[in-house]
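Since the structure comes first, as structure tokens, the remarks are kept for the end.
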Amino acid sequence: MAPAKEDLLDIVIANGSSSPIYEQIASQVKAAIMTGELTAGEALPSIRALANDLRISVITTKRAYQEL
């Protein structure tokens, strides 16, 4: 069985960063696209799944996805 997309997308949140969490998520997803870790047609984790995995607000995750 293939690992879930949530397991493949390694996003690390730095609480001490001066960047807001939504910007950290968006920049890491963009970096994954640029490096080929995420390819065209691959689905991102759902907003709720990513929020749950990162233990952050659904609103924050939604804003990150809107930035993308």
Residues of the stretch 33-43 being at negative phi and either at pLDDT 95 or above or surrounded by fewer than 17 Cβ atoms within 10 Å (Cβ to Cβ) (or both), in sequence order, are 33, 34, 35, 37, 39, 40, 42, 43
Scan of the stretch 47-57 for residues that are free of Cβ contacts under 8 Å to residues at least 12 places away in the same chain and either surrounded by 14 or more Cβ atoms within 10 Å (Cβ to Cβ) or under 12 Å from residue 26 (Cβ atoms) (or both), ordered by number
51, 52
Would you tally the residues in the stretch 1-22 being modelled with pLDDT under 55 and under 15 Å from the mean Cα position of the chain (by Cα)?
4
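The values are calculated or read from the model by the stated rules, or taken from the named source; none is laboratory data. Owing to the predicted nature of the structure, the values given are computational and were not obtained by experimental measurement. All Cβ positions, glycine included, derive from the backbone under ideal geometry; neighbour counts span all protein chains shown.
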